[in-house]
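Data block below; observations after.
Bear in mind these aren't lab numbers, they're just calculated from the coordinates by the rules spelled out. Here the structure is a predicted model, which is why all the values come from computation and not from measurement. FYI the Cβ positions are ideal-geometry reconstructions off the backbone, even for glycines, and counts take in every protein chain you see.
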Amino acid sequence: MLEGKLALVAGVANRRSIAWAIAQALHAAGARCAFTYQGERLEKTVRELAASVDSDVVVPCDVRSDADLDRAFGEVAAGLGGLDILVHAIAFAQAHDLQGRFVDTARDDFWLALDVSAYSLTAMARRAEPLMAARGGGSIVTMTYLGGERAVPRYNVMGVAKAALESSVRYLAADLGPANIRVNAVSAGPVRTLAARSIPGFATMEEMVAERSPLKRNIDAADVAKTAVYLLDAENVTGTIAYVDAGYHAMGM
Ligand code: NAD
Ligand code: 0WE
């Protein structure tokens, strides 16, 4: 389906990461993947995972740094020989902001969450644009959550960041469409990644999804990956949010 396509996957931390499920699905669809990882601590893990999908283009990139982003895109473009696909699966808020009340969010912590979780998509899209345009177009996908449009208890500043991210998807789709570059998001239900497991009350949220969603079950990272690959491939789909949540978003109670 994506035979010969060149993909950059940002956001692999370990084998449970949503980004890793997407990389495996891209590899299965015939794409060649490169990876960025956040810090030295993750290098070994990401290199080993990359090797299992025949990739050795693995470069560090902290999305808070413009210099890091510039270097990483240069190395990826050289390593892959171009770019068709960008997968953005990055988010961060201070752990103390994912409990308690949103109203107590400090200025610095607010900007940190928005910087890492929302602005980074635009920072990466801008650097991807010339590389994709040179190949006649491209496709970008990011990851969001229902807490970006409804007040989900304790999602707090991450919800505000996801609202900015989802709006960014629409503005980026408008800007990059003329270059045949598409921008979409997957809105996933709770997935038991390493980051998610550390969140107090996560198991209760999974129980609520199993009880209240139309399909009466939870989803996993492979489900998310299927829809991500669909969006990356769907040549006339841009500016959309696709829900992979067993239908949970459709319910009123
Ligand atoms: P994860 O912890 O595996 O992935 C988050 C990634 O963000 C990590 O790889 C981490 O290194 C990266 N990151 C954080 N700060 C960074 C920085 N400054 N520079 C570069 N990278 C940085 O968790 P995940 O659940 O796979 O999250 C991936 C995406 O999916 C996130 O956008 C998250 O909001 C979204 N999402 C997750 C769920 C869920 O329930 N797990 C549901 C919907 C959406
Ligand atoms: O986007 C997310 C979580 C992203 C995330 C996770 C962490 C944990 C570790 C961002 N920052 C951090 N910071 C850390 O220090 N999700 C969609 C999963 C999630 O997180 C929640 C949820 C759901 C769902 C937090 C509260 C309520 C619901």
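Near G39, within a Cβ-to-Cβ distance under 13 Å, what is the net charge of the other residues, with Lys and Arg +1 and Asp and Glu -1? Mind dumping the intermediate values first?
On the way: positive: R41, K44, R64; negative: E40, E43, D62, D68.
So the surrounding residues net to -1.
Could you work out the local net charge near L165, counting Lys and Arg as +1, Asp and Glu as -1, over the other residues with Cβ closer than 13 Å to its Cβ?
Spelling it out: positives minus negatives among the neighbours equals -1.
For the stretch 72-173, what class follows from the C-alpha gyration tensor (a ≥ b ≥ c being the square roots of its eigenvalues): rounded when a/c is under 1.5, otherwise prolate if a/b is larger than b/c, else oblate? Before the final figure, lay out the partial values.
Working: a/c = 3.19, a/b = 2.28, b/c = 1.40.
Prolate, because a/c is 1.5 or more and a/b exceeds b/c.
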Non-local amide H neighbours of I90 (under 5 Å, H modeled in plane, Pro and chain starts lacking H): which ones?
M143
Could you order peptides 6-15, 209-218, 164-173, 90-99 by the average number of other Cβ atoms within 10 Å of their residues, highest first?
6-15, 164-173, 90-99, 209-218
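Is the shape of the stretch 68-117 best called rounded, prolate or oblate, per the rule: a/c under 1.5 gives rounded, else a/b larger than b/c gives prolate, else oblate, with a ≥ b ≥ c the square roots of the Cα gyration tensor eigenvalues?
On the way: a/c = 4.81, a/b = 3.12, b/c = 1.54.
Judged from the Cα gyration tensor, the stretch 68-117 comes out prolate (a/c at least 1.5, a/b above b/c).
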As an exercise, use a Förster radius of 25 Å and the Cβ-Cβ distance of R71 and V237 to find the FRET efficiency, rounded to the nearest 0.05.
0.20
Compute the Cα gyration tensor for the stretch 1-78, then decide on rounded, prolate or oblate, letting a ≥ b ≥ c be the square roots of its eigenvalues: rounded whenever a/c is under 1.5, prolate when a/b is larger than b/c in the other cases, and oblate in all that remain.
oblate
Take N180, project a point 7 Å from its Cα along the Cβ direction, then tell me which residues of the stretch 224-253 have their backbone nitrogen under 13 Å from it.
235-236
Neighbour net charge for A125 - beta-carbon separation under 13 angstrom, K R +1, D E -1
+2
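Between E43 and A210, 0.36 nm times their residue separation minus their Cα-Cα distance comes to what?
Answer, rounded to one decimal: 56.6 nm.
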Compare R71, R107, R47 in a GNM of the chain, Cα atoms joined below 10 Å, and give the one with the largest fluctuation.
R107
